[in-house]
Amino acid sequence: MADLRQEIARRRTFAIISHPDAGKTTLTEKLLLYGGAIQLAGAVKGKASARHAVSDWMELEKQRGISITSSVMQFEYDGFCINILDTPGHQDFSEDTYRTLMAADSAVMVIDAAKGIEPQTRKLFKVCAMRHIPIFTFINKLDRDARSPYDLIEQLETEFGIGTYPMNWPIGSGRDFKGVYDRQAGHILAFTDFHRGSQKIEAIEVDLTDTASLDELIGPRLREDLQNDVELLDGAGYEFDLEQVRTGKLSPVFFGSALTNFGVEPFLKSFLALTPPPLPRQAQEGVVDPFDDGFSAFVFKIQANMNKAHRDRIAFLRVCSGKFERDAEYFHVQGGKTLRLAQPQQMMAESRQIIDEAYAGDIIGIFDPGIFSIGDTVCAKGHKVTYEGIPTFAPEIFAAVERIDTMKRKQFEKGMTEIAQEGAIQIFHAPGSGLEEVIVGVVGILQLEVLEYRLKTEYGVDVRRRGLPYQYVRWIENRDMDLSRLNLGTDSRWVQDFKGNDLLVFGGQWSIRWAEEKNPGLILREFKQD
């Protein structure tokens, strides 16, 4: 039991979120370098190297130099076992991003110091806030011209409605960037352009009242700015409160430069000390303690054909309590069946490794013969737990998709259904029409390209698509209403998803109001809790 508690207590499971090009993939790689998980940092788009980022594995991702799917990476560092959930940062991301955040215990938000908060980051933050999970902010690219750090933290506080506590403070930016002042330790990490490798940056102990030493180190102008800044932060800023951090109300802020490796290791050390071990989870039976003996986990992601050498389908499980053991028999709650999980895997992007055990906080992949759905629970026999379903988020872009070759109906239906089961897209059809006419709903437009690409390469089906004028979808809660008699606007339509749920799609917000006003008693929901 002591070993179980010890193993779980050293787990840290977090997601990295950001807007495109904020430096998320670079930061992820540097964290992996520190853990020894990779020996060489790749370059997603760099001309200096043809290597691709470890966390980007799909062929289309390699062509575009962006993260489309969510990768899972585990590594050891300083006695901690770290699980990173890398989420797509591209503006055309998918619902997969939302669900990945449901499997994390905390989030690291990467922000470009020149651009500040961007639309993608806002969407992802809302999901974190919904779950009250801790949010740590890494403000990146200080070695380039940047906005005022005051502007950046004010934007964080105003837009997200949370407090901020700068753990360090930048000294200049761009060509004038001299390093950061560590507020906790009271020392300066000096920046030079020579540490573009992975060598350790030595801290310089310095007293802020030692004017002569500071002038020699960073110059009189920056010394004066630093003294004034620290005095202002200490006097008027938020006080540090670990409880506020762990409930998502106060975000520790770190400044650095992931590309030049500056400030990454101090960030990692502080983050690991502050972020919580695996958190309790809500189940229908009550709150489940991660340190419980009984194993339990839920499916948060399903991915088919991850590797051309493995034409298979993997269900990703977030372990929520206890210990998982290979070859043991577990119970699939929704299927009502006992399973023997003989080949559990841990991932390093597309690389796989068969494991014998895993603990609460870990992410494991198991072979899925088509029996799992997003949100399903797997648990120890005699320890029944049913986790609350993962919300299905409303798509924002719709298109009609049809096969070009009418002879490939079976392949088309199989491909559409399997990709929809993974949750990357949502598919709808007119009641009674089957999959002859398919309406596809996605969160980001890129997912339509991914759909076409995967249908062609994995299922041998060429398709044509046309955009549809719908922008909103609402789930119908009513069970006793004759939906064929609904009074709807001209840009509204009744459809069903592949699970048989009834929905309405709308061209605008006013159409939603019209439907609610003209159909008394109609109950619509913005997202579906499975």
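The values are calculated or read from the model by the stated rules, or taken from the named source; none is laboratory data. Keep in mind it's a predicted model, so treat the numbers as computed, not measured. Neighbour counts are summed over all protein chains in view; Cβ atoms, including those assigned to glycine, are modelled from backbone coordinates with ideal geometry. The protein model used for the area step is the full one, side chains on, heavy atoms only, and it has no ligands, DNA or RNA in it. Shrake-Rupley method; radii C 1.70, N 1.55, O 1.52, S 1.80 Å.
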For this session: Return the pairs, sorted by first residue and then second, in which the second residue is surrounded by fewer than 16 Cβ atoms within 10 Å (Cβ to Cβ) and modelled with pLDDT of 90 or more, the first residue lies in the range 484-499 and is over 21 Å from residue 438 (Cβ atoms), the beta carbons are less than 9 Å apart, and the residues are 6+ apart or on different chains.
Result: 486/518; 487/518; 489/508; 489/510; 489/518
Problem set entry | Residues that are closer than 19 Å to residue 275 by Cα, assigned to a helix (DSSP H, G or I) and either at pLDDT 80 or above or polar (S, T, N, Q) (or both), drawn from the range 8-29 | 8, 9, 27, 28
Seminar exercise, completed: Being under 30 Å from residue 320 (Cα atoms) and of a type in the set (Phe, Trp, Tyr) narrows 372, 428 down to just 372
Problem set entry | Given (1) within 30 Å of residue 286 (Cβ to Cβ); (2) open to solvent by less than 30 Å² (accessible area, probe 1.4 Å); (3) modelled with pLDDT under 85, index of the condition residue 424 fails | (1)
For this session: Mind listing whichever residues of the range 156-172 are outside any strand (DSSP E or B) and open to solvent by less than 30 Å² (accessible area, probe 1.4 Å)?
Result: 156, 160, 162, 167, 172
Exercise. Within 18 Å of the chain's Cα centre (by Cα) and over 28 Å from residue 163 (Cα atoms) - does that describe any residue in the range 265-285?
Worked result: no
Exercise. Any idea which of 495, 442 is touching a helix residue (DSSP H, G or I) at 6+ places or on another chain (Cβ under 9 Å) and β-branched (Val, Ile, Thr)?
Worked result: 442
For this session: Would you point out the residue of the range 464-500, among those that are among the aliphatic types (A, V, I, L, M) and open to solvent by less than 20 Å² (accessible area, probe 1.4 Å), that is farthest from residue 97 (Cα to Cα)?
Result: 483
Problem set entry | Residues located in the range 403-412, provided they are in contact with a Lys or Arg (Cβ under 9 Å, 6 or more places away or on another chain) and surrounded by 14 or more Cβ atoms within 10 Å (Cβ to Cβ) | 403, 409, 411, 412
For this session: For residues that are surrounded by 15 or more Cβ atoms within 10 Å (Cβ to Cβ) and among the small types (Gly, Ala, Ser), scanning just the range 30-45, find the one that is modelled with the highest pLDDT.
Result: 35
Exercise. Restricting attention to the range 506-530, which residues are farther than 30 Å from residue 377 by Cα and part of a strand (DSSP E or B)?
Worked result: 506
Exercise. With respect to residue 502, is the statement that it is in contact with a strand residue (DSSP E or B) (Cβ under 9 Å, 6 or more places away or on another chain) and at pLDDT below 90 true?
Worked result: no
Exercise. Which of the residues spanning the range 501-516 are open to solvent by 30 Å² or more (accessible area, probe 1.4 Å), touching a residue at least 24 places away in the same chain (Cβ under 8 Å) and among the hydrophobic types (A, V, I, L, M, F, W, C)?
Worked result: 514
Exercise. Mind checking which pairs have a first residue in the range 265-292 that is of a type in the set (Val, Ile, Thr) and a second that is assigned to a helix (DSSP H, G or I) and open to solvent by 30 Å² or more (accessible area, probe 1.4 Å), Cβ under 9 Å, 6 or more apart or different chains?
Worked result: 275/246
Exercise. If residue 443 satisfies every condition in (1) at pLDDT below 90; (2) out of contact with any strand residue (DSSP E or B) (no Cβ under 7 Å at 6 or more places or on another chain); (3) open to solvent by 40 Å² or more (accessible area, probe 1.4 Å) but one, which is the exception?
Worked result: (3)
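Residues are listed down the side, and each one gets a yes or a no for (1) closer than 27 Å to residue 364 by Cα; (2) surrounded by fewer than 24 Cβ atoms within 10 Å (Cβ to Cβ); (3) hydroxyl-bearing (Ser, Thr, Tyr); (4) in contact with a Phe, Trp or Tyr (Cβ under 6 Å, 6 or more places away or on another chain):
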position: 97; (1), (2), (3), (4): yes, no, yes, no
position: 100; (1), (2), (3), (4): yes, no, yes, no
position: 110; (1), (2), (3), (4): yes, no, no, yes
position: 114; (1), (2), (3), (4): no, yes, no, no
position: 118; (1), (2), (3), (4): no, yes, no, no
position: 127; (1), (2), (3), (4): yes, yes, no, yes
position: 130; (1), (2), (3), (4): yes, yes, no, no
position: 139; (1), (2), (3), (4): no, no, no, yes
position: 144; (1), (2), (3), (4): no, yes, no, no
Problem set entry | Leading residue by the ranking (least open to solvent (accessible area, probe 1.4 Å)) among those in the range 451-463 that are in contact with a Leu (Cβ under 6 Å, 6 or more places away or on another chain) and in contact (Cβ under 8 Å) with a residue 60 or more places away in the chain | 463
Exercise. Given the range 294-390, what strands (runs of 3 or more DSSP E) lie entirely inside it while holding 3 or more residues that are modelled with pLDDT under 80 and within 15 Å of residue 72 (Cβ to Cβ)?
Worked result: 345-348, 351-354
Exercise. Which numbered condition trips up residue 392, out of (1) under 14 Å from residue 455 (Cα atoms); (2) crowded, with 18+ Cβ neighbours inside 10 Å?
Worked result: (1)
